[in-house]
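In what follows, a structure is listed as structure tokens, so that the remarks can point back to it.
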């Protein structure tokens with residue numbers, strides 16, 4: 001018999017370790033990160049009327065074998081004129097009864113709060129990790145990339161969820177990048193323009209550069225589907241710990257005449273280290289971290305953005321060229337790029353210029369609520 005429990009974050013953490021084989025490409029968030037993300041008392045998403053959240057876990061003979069988070073992102077619904085509920089962190093044993101019990105719990109909770117549609121995965125919002133894998137199951141994900149086994153999409157389809165909003169993650173080999181394709185006349189004019197200043201994200205400047213990144217993200221993504229401006233509290237909650245893991249040579253922040261204009265947030269790929277310590281803090285973690293930093297040759301672009309004033313004027317290409325030179329000099333070999341939606345043609349063109357190859361295909365999945373849901 002399947003038992004559904006609420007708010008058991010430790011059980012939610014244990015689920016993937018119980019239901020996915022050790023050789024699976026899945027990489028769990030670190031326990032402290034997952035714990036605080038799923039805690040409504042600590043996550044700014046659920047503060048000051050911004051949203052509501054519930055966590056469900058499925059247990060069989062006391063063993064956690066499934067999990068799902070249900071979220072009403074109220075400020076997003078208000079901005080976009082929707083009544084959408086969201087699901088996230090949906091992982092479970094490949095079992096019809098387990099999947100149905102979890103999805104039913106999330107659907108009922110959201111419908112009781114006025115949702116007329118459910119969509120996901122969102123971990124936990126459209127500005128964070130999103131999607132359900134539909135292709136590329138064998139490719140190991142980089143940090144901040146979704147991975148799910150084939151049965152997750154299959155269970156969603158079986159229950160009446162339809163895929164929408166296709167996305168792709170990418171990877172490119174630094175040795176194969178043609179910098180001439182990025183360094184055209186517009187990029188060279190930007191690099192020669194004294195109005196532009198280029199800033200690293202150092203530990204001393206971290207707080208200010210963090211705010212630069214938030215402002216550029218909000219301006220650059222403002223017209224994107226489902227985007228919701230990120231508050232200072234949310235951005236610090238999501239990105240504040242980058243100070244401990246970043247490589248100061250990689251991120252790029254550009255100002256124009258003293259004001260934020262463009263950003264690339266790029267960090268070392270931490271997934272090999274996280275796998276090695278099984279997503280848990282232990283006495284061996286400093287050793288794993290040091291060993292990883294000495295051997296790490298993969299980095300990942302979490303996001304890149306340019307304010308509207310400079311979109312289409314070559315700044316993104318100039319920033320990518322700047323990043324690629326820095327990454328090569330630092331002995332990185334490959335760079336991953338977290339999801340880009342098919343509708344984001346401008347970003348896809350930039351990624352094509354560096355010779356990036358698709359790594360995973362993902363979709364969001366949705367279903368109307370009401371009737372037989």
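Within 30 Å of residue 260 (Cβ to Cβ) and either free of Cβ contacts under 8 Å to residues at least 12 places away in the same chain or surrounded by 14 or more Cβ atoms within 10 Å (Cβ to Cβ) (or both), is that true of residue 290? No; evaluated as a whole, the condition is false for this residue.
Is it the case that residue 77 is modelled with pLDDT under 95 and surrounded by fewer than 20 Cβ atoms within 10 Å (Cβ to Cβ)? No; evaluated as a whole, the condition is false for this residue. For segment 242-253, indicate whether the set of residues that are assigned to a strand (DSSP E or B) and either out of contact with any helix residue (DSSP H, G or I) (no Cβ under 9 Å at 6 or more places or on another chain) or in the same structural domain as residue 339 (by TED's automatic domain parsing) (or both) is non-empty. Scanning segment 242-253, I find at least one residue that is assigned to a strand (DSSP E or B) and either out of contact with any helix residue (DSSP H, G or I) (no Cβ under 9 Å at 6 or more places or on another chain) or in the same structural domain as residue 339 (by TED's automatic domain parsing) (or both), so the answer is yes.
Each residue in segment 352-373 was checked for being closer than 19 Å to residue 178 by Cβ, modelled with pLDDT under 95 and surrounded by fewer than 22 Cβ atoms within 10 Å (Cβ to Cβ), and 3 pass. Exactly one residue out of 174, 110, 103, 124 is surrounded by 15 or more Cβ atoms within 10 Å (Cβ to Cβ) and modelled with pLDDT under 95, and it is 124.
In this entry, residue 112 is excluded by the filter for residues that are over 19 Å from the mean Cα position of the chain (by Cα), outside the structural domain of residue 278 (by TED's automatic domain parsing) and within 25 Å of residue 149 (Cα to Cα).
Among 153, 139, 130, which is the only one that is farther than 30 Å from residue 333 by Cβ and in the same structural domain as residue 15 (by TED's automatic domain parsing)? Of the residues listed, the single one that is farther than 30 Å from residue 333 by Cβ and in the same structural domain as residue 15 (by TED's automatic domain parsing) is 153.
Out of the residues in segment 259-284 that are at pLDDT 95 or above and more than 18 Å from the chain's Cα centre (by Cα), which is surrounded by the fewest Cβ atoms within 10 Å (Cβ to Cβ)? This residue is 259.
Rundown of residues vs (1) in contact (Cβ under 8 Å) with a residue 60 or more places away in the chain; (2) under 18 Å from residue 358 (Cα atoms); (3) touching a helix residue (DSSP H, G or I) at 6+ places or on another chain (Cβ under 9 Å), yes/no style:
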{"site": "110", "(1), (2), (3)": "yes, no, no"}
{"site": "115", "(1), (2), (3)": "yes, no, yes"}
{"site": "119", "(1), (2), (3)": "yes, no, no"}
{"site": "128", "(1), (2), (3)": "yes, no, yes"}
{"site": "138", "(1), (2), (3)": "yes, yes, no"}
{"site": "142", "(1), (2), (3)": "yes, yes, yes"}
{"site": "160", "(1), (2), (3)": "yes, no, no"}
{"site": "177", "(1), (2), (3)": "yes, yes, yes"}
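The values are calculated or read from the model by the stated rules, or taken from the named source; none is laboratory data. These numbers come from a predicted model, not from an experiment. Cβ atoms come from the backbone with ideal geometry, glycine included; neighbour counts cover every protein chain shown.
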